[in-house]
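Worksheet: one structure, shown below.
The values are calculated or read from the model by the stated rules, or taken from the named source; none is laboratory data. As the structure is a prediction and not an experimental result, all values here were calculated from the model. Cβ placement follows ideal geometry from the backbone for every residue including glycine, while neighbour counts extend to all protein chains displayed. The protein model used for the area step is the full one, side chains on, heavy atoms only, and it has no ligands, DNA or RNA in it. Shrake-Rupley method; radii C 1.70, N 1.55, O 1.52, S 1.80 Å.
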Amino acid sequence: MSINKRFLLISRSAPYGTSAAREMLDIALTCSVFEQPVTLLLLGDAVLQLIRDHRPDEVSQKNLNALQASLAMYDIDRILIPETALQKHGLSTDQLSIPIELINAEQLPALIAEHDIVITI
Amino acid sequence: MIFTLIVQASPYQHQAPETALRFAKALLRQGHTLHRIFFYRDGVHNGSALVSSPRDEQNLPEQWQALAEEHDLDIVVCIAAAIRRGVLDATEAKRYERRGDNLHSAFELSGLGQLVEASLASDRVITFGG
């Protein structure tokens, strides 16, 4: 497909409590299959999606870590987290399963403005 | 302007699909084009032909159908999200060996590629219930 649009997918949900994390990844991977650049923005509790070594099988859920690890292979390497979201949960970047880019709240309007398609989930 | 709408919430429990319906009607009334309405996540329940509302309450799936027929709209239900939630057309009901199908005939089951294609073809993509 020749047209390129920059997609920004925004999630605010923790993993497993709802299907949001999984269904956001499904959109991201589809964008990539169509060769469209994708940025993921994880706000608030969504930072918990990236904690390493989930054991969701104990609540009868599929582990998202493998899917997240495959994002780089799909050229989805821009995953943004506000520094305040990490701090709020007492996390540091080395506790996350994949590399992320820290941003601050003041950067959010420009970030949203630089994308053509913004989907919240 | 060309619009695509994404509806992620089920009718009745959430106001979002009703808001999306109003938005769709408003943009069509103003002469804009609606390229596609894509129903994702619990929004797939908007495509259920089994929704049975009391007489004095609205029936969202029937309203989507009426709008689609009036304006020849492309209303697509995400197939992966729908099958998990029990919204099936005849083909999928047969494939998964279910007793019946319930996707309203005005809707089409298709993949997330339809969401991406619609995004590329539209000037604006608006999410409801996300």
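Would you please name the residue that is farthest from the other protein chains (Cβ to nearest Cβ), looking only at residues in segment A:1-29 that are among the basic types (K, R) and either more than 26 Å from A:D94 (Cβ to Cβ) or within 9 Å of the chain's Cα centre (by Cα) (or both)?
Taking segment A:1-29 and keeping what is among the basic types (K, R), we get A:5-6, A:12, A:22.
When the remaining residues are screened for being either more than 26 Å from A:D94 (Cβ to Cβ) or within 9 Å of the chain's Cα centre (by Cα) (or both), the result is A:5-6.
Details: A:K5: 6, A:R6: 10 Å.
Checked segment A:1-29; the qualifying residue farthest from the other protein chains (Cβ to nearest Cβ) is A:R6.
Name the one entry in B:L103, B:L120, B:L112 that is in contact with a Ser or Thr (Cβ under 8 Å, 6 or more places away or on another chain) and within 14 Å of chain A (Cβ to nearest Cβ). Quick ask: steps written out before the conclusion?
Numbers: B:L103 fails: within 14 Å of chain A (Cβ to nearest Cβ); B:L120 fails: in contact with a Ser or Thr (Cβ under 8 Å, 6 or more places away or on another chain).
So the residue among B:L103, B:L120, B:L112 that is in contact with a Ser or Thr (Cβ under 8 Å, 6 or more places away or on another chain) and within 14 Å of chain A (Cβ to nearest Cβ) is B:L112.
Only residues in segment B:93-113 that are closer than 24 Å to B:S52 by Cα count as the first member; pair them with residues that are among the acidic types (D, E) and assigned to a loop (DSSP other than H, G, I, E, B), Cβ under 8 angstrom, at least 6 apart or cross-chain, and list the lot.
Taking only residues 6 or more apart or on different chains, the pairs are B:A93/B:D101; B:D101/B:D89; B:L103/B:D89; B:E108/B:D74; B:L109/B:D89.
Examine segment A:69-81 for a residue that is open to solvent by 30 Å² or more (accessible area, probe 1.4 Å) and within 14 Å of chain B (Cβ to nearest Cβ), and state whether such a residue exists. Give the derivation first.
Going residue by residue through segment A:69-81, those that are open to solvent by 30 Å² or more (accessible area, probe 1.4 Å) are A:69, A:72-75, A:77-78.
Adding the requirement that they be within 14 Å of chain B (Cβ to nearest Cβ) leaves A:74.
Yes, there is a match, as at least one residue in segment A:69-81 is open to solvent by 30 Å² or more (accessible area, probe 1.4 Å) and within 14 Å of chain B (Cβ to nearest Cβ).
Out of (1) surrounded by fewer than 16 Cβ atoms within 10 Å (Cβ to Cβ); (2) charged (D, E, K, R); (3) in contact with a strand residue (DSSP E or B) (Cβ under 6 Å, 6 or more places away or on another chain), the odd one out for A:E58 is which?
The one condition A:E58 does not meet is (3).
Would you pick out the residues in segment A:89-121 that are farther than 19 Å from A:A21 by Cα and of a type in the set (D, E, K, R)?
Answer for segment A:89-121, where residues must be farther than 19 Å from A:A21 by Cα and of a type in the set (D, E, K, R): A:D94, A:E106, A:E114, A:D116.
I'm trying to understand the selection: among the residues of segment A:30-42, which are surrounded by 18 or more Cβ atoms within 10 Å (Cβ to Cβ) and more than 8 Å from chain B (Cβ to nearest Cβ)? Break it down into steps so the answer makes sense when it comes.
Kept after step one, since they are surrounded by 18 or more Cβ atoms within 10 Å (Cβ to Cβ), are these residues of segment A:30-42: A:30-32, A:34, A:36, A:38-42.
Correct list: A:S32, A:V38, A:T39, A:L40, A:L41, A:L42.
Mind listing just one residue for me: the one in segment A:36-60 that is small (G, A, S) and either on the phi > 0 side of the Ramachandran plot or outside any helix (DSSP H, G or I) (or both) and, of those, modelled with the lowest pLDDT? Before the answer, list the steps.
We begin by selecting, within segment A:36-60, every residue small (G, A, S); these are A:44, A:46, A:60.
If we keep only those that are either on the phi > 0 side of the Ramachandran plot or outside any helix (DSSP H, G or I) (or both) as well, we get A:44, A:60.
Numbers: A:G44: 96, A:S60: 93.
Filtering segment A:36-60 for residues that are small (G, A, S) and either on the phi > 0 side of the Ramachandran plot or outside any helix (DSSP H, G or I) (or both), the one modelled with the lowest pLDDT comes out as A:S60.
Inside segment A:102-121, can you point out the residues that are surrounded by 12 or more Cβ atoms within 10 Å (Cβ to Cβ) and away from chain B (no Cβ under 14 Å)?
Kept after step one, since they are surrounded by 12 or more Cβ atoms within 10 Å (Cβ to Cβ), are these residues of segment A:102-121: A:102-103, A:107-108, A:111-112, A:115-121.
A:L102, A:I103, A:Q107, A:L108, A:L111 - these are the residues of segment A:102-121 that are surrounded by 12 or more Cβ atoms within 10 Å (Cβ to Cβ) and away from chain B (no Cβ under 14 Å).
Among the candidates B:A49, B:A66, single out the residue that is away from chain A (no Cβ under 14 Å) and without any contact (Cβ under 8 Å) to a residue 12 or more places away in the chain. Full working, then the answer.
Numbers: B:A49 fails: without any contact (Cβ under 8 Å) to a residue 12 or more places away in the chain.
Every option except B:A66 fails the conditions.
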